[in-house]
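Here the structure is laid out as structure tokens; the discussion comes afterwards.
What follows is calculated from the coordinates using simple rules that are stated; it is not laboratory data. Computed from a prediction, not measured in an experiment: that's the story for all the values here. When we count neighbours, we look across all protein chains shown, and the Cβ atoms used for this are built from the backbone with ideal geometry, even at glycine.
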Amino acid sequence: MTGYVIRRLLWIIPVLFAISLITFVLMHAVPGGPWDREKPLPRSVVERLNAEYGLSDPLPVQYLRWAGSLLTGDLGPSYRYRDRTVNDIVGDGLATTVQLGVMAFALAVIIGIPLGMIAALRHNGLPDYAATLISIAGIGTPSFVLAMLLVVVFSVTLRWLPTHGWEGPSSYILPTVALAGYPIAQIARYTRASMLEVTRKDYIRTAHSKGLRERTVVAVHMTRNALIPVLTILGPILAYLVTGSFIVELIFSIPGIGRYYVSGIGERDYGLIMAMTMLYAVAIAVINLVVDILYAYVDPRIRYS
Amino acid sequence: MAAEQTLRLPLGDEPESLDPTLVSSLRAVEIMRQLTHPLVYFDKDLNAVPGLAESWDTNTDGTEITFHLREANYSNGERIVAGDFVYSWRRLVDPRVAADYAYVMEDLAGASALLELDPEALPPDAEIDTLLEDVGVSAPDDSTFVVQLAQPASYFLSVATLWVTVPIQQAWIEQEGATEAENYVASGPFDLESWEHGASLALVRNPEWFGDPAKLERIEFTLMEDEQASLNAYLRDEIDMVGVPSADIARICSDPALKDQMLETATAGFEYYGFDLNDEAGFFAKSAHLRRAFSMAVDKQTLVDTVRQGAATVAGSAVPPGIPGHLLDVGLPFDPAQAQQELQMGLTDVGLSDPSELDITIGYNESDLHQQTVDFLTEQWRNNLGVEVDSEGLEAVAYSERRREDPFDINRASWTQDYPHANNFLGDVFGTGNNFMGYSNEEFDALMSEAAAEADPEAQIPLYEQAQELMVEDAPVIFLYWYGGYTLVKPHVHGLVPTTTDEDPGMMFFNTVSIGEH
């Protein structure tokens, strides 16, 4: 097991290298640069800034410089926020983003899994239709629509909760729900499908014919097996949630890092784009590894050597 | 008066910095206006009035201005001295600082030697330092700041109103984290209380400010990048002002509770579409008739009424209302018949016989508004000229690069004011070398220099008027409208003084705002 984990961890290194290289090349292939604005800067200023930030060097040189400083933990300068580094920006917002992501993830699991189970156990019954309706609505509603709806209902009309900000529990509720909407639906659908498949297995029939109580069959025999496939999608969902959501952070004015994904690209803030991509890549790689390790504990058929 | 004198505002974007020399975005400038103060400020009609300079004299040929500073302190209690201006102005033109707005110092003696250095191959530091020593700024004593100009520039007092020309203490700005709240040294009516990056920014009354203390105790800016989200925050009384998205103007105007809170604003800036004149073989470079035809075929009033929902004023030229030199009746009118005649002459100029042979593309940076505008324009040209124009929308930054490097035949563009003077709308936009269109007219440039050399502001006006008429007839661009808009303001916000330089209405005079009971 330890050997397996070390092997997997070592594999992350070439993966990150490939991702960084591809991102770097694509990012510079996109037309325009950090100094191209609506109100044009004089050409001499643009050239001066390029020289100052090393953007006039050949791309391989720029890449090596970036990679070199990354090894020392330095994510480089931000091209837009001129007196802050990417380390400052990520450092300031990461904790908030992770907190929001983890809360949304917990909510998605707590609601999504039972919803899927109820739907499966009452297959083709009213609860199933209700749960299916909820999950289709969740999948079909983009988070900005859900976020806006929540704000209009709970903030503007009922005045229960603030429209924005990240100051205390009352301001956490709407963004968490808005962010969890899609994953709830996703998890519910996976759980339902997986449960339905399990109910048709021989060992479930055996358990029933042994005269076990329904509750025992569901809790011991069905749930554990049905959740293995669900675990597979929980990894990417968690990685997606803890690295932040552009839309939800934007609408609720949350000081996280999610918004820099899109604003970094829009402003050609090369340092931010690289940092955000690497962060996401590391999160995916590590969380997937954790999920794979968890398989070994959940599924007796899986053992790593 | 409410017990808590706090003005709460949405901030559309995180400021890129709070270093006066470096910033250029409208949002950052709004905050600079609160935190810093220049030599010369404005009264409510945007006339130049004493700021940190109590008075100034100009020598007879207009090449030397002596500013006499008033006794005033920074927020740290230290005196604002002339040497801080010397440092600040040198820093602005220092190529190692690479300031966005260095260009405004072009007329300063010795500055062009620095601005024109090859950016890729800067000379050694010692050489740059020598050049900086030669820049025409000096401080004979703590309260006298002398500026030497390379050539007369009568608008230079307007340059001395800019946020990039404010005093800066060297010891302050050179320390690590100078622009963070705990270190900030302010020279304006407010000081920086806190700056939560990506979240909020709070200003607090600066007790050291030389003028009447601000009535507001605090100004709280909350970062809100989504305009619908800001509107919701306003509706729930979380902020006191909000710009109205154009899609909501009609709805709010008919809302009995909200319509009285609508404030109509005008901003000194204009929307235009520039022709590509860089390539001499291009259709538009060859024929002014063709350019005028495209301009006169557009019904701008309908564009403003529909696409902009009335939140703009049709523009005929560049100098907006409220700026001396503005002309009421200049501009090519909407006249389809005349446009047809110009088109026929234009076709002869370019050697074509039928409008359908014109192969023209209009480019724009993608947004709902620009898309709608371009759709409107192409339909006008189809109906009034019989010309099919292709359109191409690009993502904003890619578009900016394309417009700079390889413009479309017709290009969307905008100009907003740096300083409230006709030169900033004429010379800085249409002067040779200052525009992406490649527009160049010696007579126009000569009028700009003549006006710059004219010390008497009254005598400048006919020169700017003449230059405008010349340029409008040349039609290097299609002027569409001067910017306007609507802002919702809570009834408890008193004493707001909007000007045409505002990002948020009244921002030039937030120190006179107070909050009533609510």
Order by neighbour count: B:M105, A:M103, fewest other Cβ atoms within 10 Å first, most last.
-> A:M103, B:M105
Using the Karplus curve 6.51 cos²θ - 1.76 cosθ + 1.60 with θ = phi - 60°, work out ³J(HN,Hα) for each residue of region A:90-102 in order, rounded to whole Hz, and write x for Gly and Pro.
-> 5, x, 5, x, 4, 4, 4, 4, 5, 4, 4, x, 5
Any residue on another chain or 5+ positions along whose placed amide H is under 5 Å from the amide H of B:I80 is listed here as B:A72, B:N73, B:Y74
The simple spin-label model distance between A:I173 and B:D212, using points 7 Å out along Cα→Cβ, in nm, is 4.5
Phi-derived 3J(HN,Hα) across region B:416-426 with the Karplus relation (6.51, -1.76, 1.60, θ = phi - 60°), rounded Hz, x for Gly and Pro, is 10, 5, 9, 9, x, 8, 3, 4, 6, 9, 10
Excluding residues fewer than 8 places away in the same chain, name every one of the aspartates and glutamates whose C-alpha is closer than 13 Å to that of B:K44.
-> B:D502
Qualifying lysines (Cα of each under 16 Å from Cα of A:K210; at least 8 residues distant if same chain) | A:K201
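What does the helix-only formula give at 222 nm for the protein assembly as shown: each DSSP H stretch with n ≥ 4 adding -39500 (n - 2.57), the total divided by the residues, and the result rounded to the nearest 500 deg cm²/dmol? Don't skip to the answer; put the middle values down first.
Details: 30 runs with 372 residues, N = 823.
Value at 222 nm, helices only, nearest 500: -14000 deg cm²/dmol.
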At q = 0.12 Å⁻¹, what is the log10 ratio I(q)/I(0) for region A:236-303, with the Debye formula run over Cα points and no solvent?
-> -0.41
Shape descriptors of region A:153-233 over alpha-carbon atoms, Rg and Dmax in angstrom, are 19.7, 57
Could you tell me the largest-minus-smallest coordinate of the C-alpha atoms of chain A on each of the three principal axes, in descending order and whole angstroms?
-> 83, 58, 32
Hey, could you get me the Stokes-Einstein D for region B:242-324, Kirkwood radius over alpha-carbon pairs, 20 °C and 1.002 mPa s, rounded to whole µm² s⁻¹?
-> 136
Tilt relative to chain B, helix B:457-474 - C-alpha long axis, 0 to 90 degrees, to 10 = 30
Please report, in cubic angstrom per residue, the volume enclosed by the convex hull of the alpha-carbon atoms of region B:422-518.
-> 136
Convex hull over the Cα atoms of region B:1-133, averaged projected area in nm²?
-> 11.9
In Å, what Rg and Dmax follow from the Cα atoms of region A:48-167?
-> 23.2, 69
Ellipsoid equivalent to region B:180-308 - semi-axes via the Cα gyration tensor, in Å = 42, 25, 15
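Applying 1/(1 + (r/R0)^6) with R0 = 25 Å to the Cβ-Cβ distance of A:V153 and B:A247, what FRET efficiency is obtained, to the nearest 0.05?
0.80
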Within region B:257-300, the residues whose backbone N lies under 16 Å from a label point placed 7 Å from the Cα of B:R382 along the Cα-to-Cβ direction are B:298-299
Mind listing the long-range amide H neighbours of B:W56? Cut-off is under 5 Å, sequence gap 5 or more, other chains count too, H placed in the peptide plane at 1.01 Å from N.
-> B:H68
Charge tally in the Cβ shell below 10 Å around A:L49, where Lys, Arg are +1 and Asp, Glu are -1, A:L49 excluded = -1
Computed on Cα atoms only, the convex hull of region B:187-255 has an orientation-averaged projected area in nm² of 6.2
Taking r as the C-beta separation of A:S56 and B:N183 and R0 as 30 Å, the FRET efficiency to the nearest 0.05 is 0.40
Pairs from A:K39/B:K259; A:K39/B:K215; B:K215/B:K490 whose Cα-Cα separation, in the structure shown, is over 28 Å | A:K39/B:K259; A:K39/B:K215
Karplus-derived 3J(HN,Hα) from phi for region B:85-97 (6.51 cos²θ - 1.76 cosθ + 1.60, θ = phi - 60°), whole Hz, x at Gly and Pro, runs 6, 4, 4, 4, 6, 5, 4, 4, 9, 6, x, 6, 7
Just the Cα atoms of region A:3-73, one point each, no solvent: what log10 I(q)/I(0) does Debye give at q = 0.15, 0.18, 0.25 Å⁻¹?
-> -0.66, -0.83, -1.18
Find the centroid of the Cα atoms in region B:424-464 and in region A:10-60, then give the distance between the two in whole Å.
-> 37
Express in nm, to one decimal, how much length is gained between B:S367 and B:E469 on full extension, taking 0.36 nm for each residue of separation and deducting their alpha carbon distance.
-> 33.5 nm
Centre separation in Å (Cα based) which lies between region A:70-126 and region B:168-238 = 30
Using DSSP to define loop residues, name the GluC sites (Glu not before Pro) in region B:85-174 whose beta-carbon has at most 16 other beta-carbon atoms within 10 Å.
-> B:E116, B:E120, B:E174
The ratio Rg/Rh over the Cα atoms of region B:17-75, Rh being the Kirkwood inverse mean 1/r radius, stands at 1.04
Quick one: compute the contact order of chain B, relative version, from alpha carbon pairs under 8 angstrom and 6+ residues apart, as a percent.
-> 20
In Å, the C-alpha Rg and Dmax of chain B are 24.1, 74
Cα-based helix-to-principal-axis angle, B:396-405 vs chain B, degrees rounded to 10 = 70
In percent, what relative contact order does region A:200-305 have, based on Cα pairs under 8 Å that are 6 or more apart in sequence?
-> 25
By what distance, in whole Å, do the Cα atoms of the protein assembly as shown stretch along each of the three principal axes, largest value first?
-> 109, 71, 61
Would you mind checking the tilt of helix B:442-453 against the longest principal axis of the Cα atoms of chain B, expressed as 0 to 90 degrees and rounded to 10?
-> 20
12 Å beta-carbon shell around A:A147, net charge (K/R +1, D/E -1) | -2
More than 19 angstrom apart: percent of Cα pairs within region B:345-412 = 38
A student applying the Cα gyration tensor rule (rounded when a/c is under 1.5; otherwise prolate if a/b is larger than b/c, oblate if not) would label region A:229-274 oblate
Just add up the charged neighbours of B:V330: K/R +1, D/E -1, any other residue whose Cβ is under 11 Å from the Cβ of B:V330.
-> -4
